[in-house]
Amino acid sequence: MRRPIGALVVVGGVAVGCVVDEPPPGAVGLDGVVAFEAPTDLVFTERAGVGSTFEVTARPLDGEEVAFSDVVDVGVNAADVATVAVIERKTDAVTFSVTVVGGGTARVAITDGEAVVDRIDIKGVPLADTLLVDAQLLGVSDRVDITAPASFSLLRDVLTTFGISAVDRCAAGALDLGATTLSAEGLDGGDVSEEVTVTSTGLGGFEITSGLADLEFDLVMQTPGLEPLRYRARTVVPANVEEVRLEVAAVDTEASTATAWARALVDGEDVLGVGDYRWTSSDRVTLTAGSGPAVVAGIGASTSASEETPATVTLSAFGEEATIDLFTLAATDLVAGRAAPPSRPGDDDEEEDEAEDTSGAVSGCGSEAPVCDPLAAAIPLIGLRRLRRLARR
């Protein structure tokens with residue numbers, strides 16, 4: 001099965017100009033009376049995968065005009081799409097849980113006695129594929145394929161964060177808000193919970209820590225309606241790292257910039273979760289950062305008499321070093337991803353079915369399939385950005 005990845009939503013800065021009134025937090029209801037606050041406002045505009053569950057707090061936009069009574073309640077018109085349950089009632093807020101149980105649209109209503117105060121829609125969809133993504137590279141996900149490979153290493157006692165990317169059967173993105181679970185399992189199926197800790201971040205992400213060196217184990221993903229997906233992981237120490245590799249994922253010739261990212265390898269496999277890479281460059285190159293998993297390098301005019309001055313970027317970590325001259329790059333040198341992710345049972349058959357579809361679209365989806373690809377990452381979500389399918393090397 002071809003694996004399109006949902007687009008990434010990342011935290012960004014806010015430009016400050018003149019002072020303006022900030023809009024109320026959350027999404028305004030259909031009747032303009034209540035603001036609905038969820039972990040991300042995307043739950044009100046995009047589709048959430050079946051199995052997703054999250055809390056919503058509804059607050060009157062004008063607390064002086066509207067106050068909830070002690071009988072304020074929450075209902076839904078399509079219990080086969082979503083179910084709701086009140087958690088807490090206050091005069092100025094009602095908090096309730098939402099669980100997505102099927103595909104379609106459910107209208108959630110806040111009622112007070114016999115009066116409907118406000119309403120908002122929740123959309124659900126069954127998930128067709130989910131993958132782990134490397135949260136360390138969220139900032140360059142539009143240029144680097146951040147899907148985790150089928151087999152990788154983790155540094156001992158270093159917390160590593162992963163996100164979940166989810167798509168429906170039409171290869172359109174969907175939010176995975178706790179629908180997918182992740183657990184560690186010994187290669188013999190035994191319990192490794194004392195050696196490996198897997199913690200949900202509460203918004204479609206997971207944090208993993210392993211405290212035993214040279215431990216091999218499986219990370220097992222479970223998504224409702226899908227077969228389990230297994231990743232093979234191994235715990236290593238910094239001394240095990242044999243090579244650091246400087247990869248250039250993309251070049252913008254008009255802006256004279258290149259996106260570079262770092263890899264650490266043990267026995268030819270990537271070590272994920274490394275953040276303390278160091279970057280330096282020749283005078284001709286300006287870097288957006290001096291440390292981190294990725295940088296954007298800008299190439300300027302030579303400061304010497306010769307225009308042949310190289311434009312070098314150097315990466316260092318774990319006592320290893322890698323250098324590249326951006327002027328020597330060819331298109332075939334670009335590397336935008338790691339090894340392929342694992343496959344679920346039956347994926348090969350689905351890929352054959354898709355290959356027989358000469359219409360250019362998955363059967364039943366057509367040109368009206370949603371084009372938005374949100375990713376439920378383990379961070380606050382405030383915008384959408386499409387993640388291209390990138391070639392791997």
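The values are calculated or read from the model by the stated rules, or taken from the named source; none is laboratory data. In this text the structure is predicted, and so the values were computed from the model without any measurement. Ideal geometry is used to build each Cβ from the backbone, glycine not excepted, and the neighbour counts take in all protein chains shown.
With respect to the conditions (1) within 24 Å of the chain's Cα centre (by Cα); (2) within 30 Å of Ala171 (Cα to Cα), Val28 falls short on a single one, namely (1).
When Gly275 is tested against (1) surrounded by 20 or more Cβ atoms within 10 Å (Cβ to Cβ); (2) farther than 19 Å from Asp333 by Cβ, just one condition goes unmet, and that condition is (1).
Among residues of the range 86-107 that are among the basic types (Lys, Arg), those with a Cβ under 6 angstrom from a residue that is assigned to a loop (DSSP other than H, G, I, E, B), sequence gap 6+ or separate chain, pair up as Arg107/Asn77.
Do you know which residues across the range 253-271 are within 20 Å of Glu216 (Cβ to Cβ) and in contact (Cβ under 8 Å) with a residue 12 or more places away in the chain?
Initially, the range 253-271 is screened for residues within 20 Å of Glu216 (Cβ to Cβ), giving 264-271.
Across the range 253-271, the qualifying residues are Ala264, Leu265, Val266, Asp267, Glu269, Asp270, Val271.
State which residue is farthest from Gly189 (Cα to Cα) when the search covers only the range 217-243 and only residues that are part of a strand (DSSP E or B) and among the hydroxyl-bearing types (Ser, Thr, Tyr). Across the range 217-243, the extreme among qualifying residues is Thr235.
In the range 145-161, the residues that are free of Cβ contacts under 8 Å to residues at least 60 places away in the same chain reach residues that are in a loop (DSSP other than H, G, I, E, B) with C-beta atoms within less than 7 angstrom, at least six apart or across chains, in these pairs: Asp157/Gly211.
Between Val94, Val72, Val98, Val66, which is under 30 Å from Thr223 (Cβ atoms), among the hydrophobic types (A, V, I, L, M, F, W, C) and touching a strand residue (DSSP E or B) at 6+ places or on another chain (Cβ under 6 Å)? It would help to see each step written out before you state the result.
Values: Val94 fails: under 30 Å from Thr223 (Cβ atoms); Val72 fails: under 30 Å from Thr223 (Cβ atoms); Val66 fails: under 30 Å from Thr223 (Cβ atoms).
Result of the check over Val94, Val72, Val98, Val66: Val98.
Of the candidates Ala262, Ala249, the single residue that is under 24 Å from the mean Cα position of the chain (by Cα), farther than 30 Å from Gly49 by Cβ and not assigned by TED's automatic domain parsing to the domain that holds Ala150 is Ala262.
Would you say Ala179 is at pLDDT below 90, surrounded by 18 or more Cβ atoms within 10 Å (Cβ to Cβ) and either closer than 22 Å to Val125 by Cβ or not assigned by TED's automatic domain parsing to the domain that holds Val271 (or both)? If you could, list the steps in order and put the result at the bottom.
Numbers: at pLDDT below 90: no; surrounded by 18 or more Cβ atoms within 10 Å (Cβ to Cβ): yes; either closer than 22 Å to Val125 by Cβ or not assigned by TED's automatic domain parsing to the domain that holds Val271 (or both): yes.
The answer is no for Ala179.
Of a type in the set (Asp, Glu), touching a residue at least 24 places away in the same chain (Cβ under 8 Å), surrounded by fewer than 23 Cβ atoms within 10 Å (Cβ to Cβ) and not assigned by TED's automatic domain parsing to the domain that holds Ala294: is that true of Asp142 in this structure? Steps first, please.
Working: of a type in the set (Asp, Glu): yes; touching a residue at least 24 places away in the same chain (Cβ under 8 Å): yes; surrounded by fewer than 23 Cβ atoms within 10 Å (Cβ to Cβ): yes; not assigned by TED's automatic domain parsing to the domain that holds Ala294: yes.
Criteria met by Asp142.
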